[in-house]
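The values are calculated or read from the model by the stated rules, or taken from the named source; none is laboratory data. This structure is a prediction, so every number in the text was calculated from the model and none was measured. Using ideal geometry, Cβ is built from the backbone for each residue, glycine included, and neighbour counts are taken over all protein chains shown. Accessible surface is based on the protein model in full, side chains and every heavy atom, while ligands, DNA and RNA are left aside. Shrake-Rupley method; radii C 1.70, N 1.55, O 1.52, S 1.80 Å.
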Amino acid sequence: KVEAGKTYTLRETVAPDGYAITTDTTFTLDADGKIDTTKTTTKISADGVLHVEDAKTSVSISKVDINTKEELEGALIQILDADGKVVAEWTSTKEVHKVEGLKTGVKYTLHEKAAPENYDVAEDTIFVLKADGTIDTEKTTSTISGGVLLIKDKPEDALIIKISKVEAGAGTELADL
């Protein structure tokens with residue numbers, strides 16, 4: 001039973017797919033049984049209805065050089081669901097990329113289909129979003145910096161050719177001339 005003068009907490013335990021659970025809402029009923037607008041943590045409509053607003057989940061993904069940490073453009077990146085279906089795909093730019101509306105509690109694979117020129121393809125990253133929409137750091141295989149998931153590419157190994165001069169028949173290396 002809800003009583004006037006008491007403070008209550010409204011807690012969302014499940015959000016719609018693609019949305020994060022909102023923070024708790026507290027409210028107090030006045031003597032008339034209406035919500036006291038001075039004692040609530042959310043918006044109230046003109047007709048006295050509490051507004052509980054869910055935000056879409058949002059994941060920021062940064063494609064960086066493993067050494068310089070600078071953004072890399074030109075990588076074809078995909079997010080795959082547990083069945084391997086592509087749920088998002090883009091080509092990296094010099095800006096962090098944001099993907100909205102991913103489900104919480106679901107395992108996703110961040111896959112680099114093609115690396116930028118002169119870079120190796122990065123290993124896949126597994127990640128899961130918690131109910132509040134943040135990345136579950138315990139269930140990711142990548143680095144997170146300031147809430148941004150990092151995909152690190154390393155430059156391709158340079159082809160190194162070593163040439164030496166040897167004495168014919170003896171196989172002894174000769175000094176530079």
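This table checks each residue for (1) within 23 Å of Thr13 (Cα to Cα); (2) among the hydroxyl-bearing types (Ser, Thr, Tyr).
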residue: Lys85; (1), (2): no, no
residue: Gly105; (1), (2): yes, no
residue: Glu112; (1), (2): no, no
residue: Pro116; (1), (2): no, no
residue: Thr134; (1), (2): yes, yes
residue: Ser145; (1), (2): no, yes
residue: Pro155; (1), (2): no, no
Just checking, how many residues over segment 52-80 are open to solvent by less than 70 Å² (accessible area, probe 1.4 Å), at pLDDT below 90 and more than 16 Å from the chain's Cα centre (by Cα)? 4
Can you confirm whether Val96 is β-branched (Val, Ile, Thr) and touching a residue at least 24 places away in the same chain (Cβ under 8 Å)? yes
Of all strands (runs of 3 or more DSSP E) fully inside segment 1-45, the set with 1 or more residues that are at pLDDT below 80 is 35-40
Hits in segment 81-113 (condition: charged (D, E, K, R) and open to solvent by less than 40 Å² (accessible area, probe 1.4 Å)): Asp81, Glu112
Criterion: assigned to a loop (DSSP other than H, G, I, E, B), modelled with pLDDT under 80 and of a type in the set (Gly, Ala, Ser) - qualifying residue of Ala131, Ala168: Ala168
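Pick from Thr141, Thr109: which is hydroxyl-bearing (Ser, Thr, Tyr) and part of a loop (DSSP other than H, G, I, E, B)? Even if it seems obvious, please write down each step before you answer.
Numbers: Thr109 fails: part of a loop (DSSP other than H, G, I, E, B).
Exactly one of Thr141, Thr109 is hydroxyl-bearing (Ser, Thr, Tyr) and part of a loop (DSSP other than H, G, I, E, B), namely Thr141.
Filter segment 82-102 for residues that are in a loop (DSSP other than H, G, I, E, B) and under 12 Å from the mean Cα position of the chain (by Cα) and give the result. If you could, list the steps in order and put the result at the bottom.
Step one: list which residues in segment 82-102 are in a loop (DSSP other than H, G, I, E, B), which gives 82-85, 92-96, 101-102.
Residues satisfying the conditions are Val96, Gly101, Leu102.
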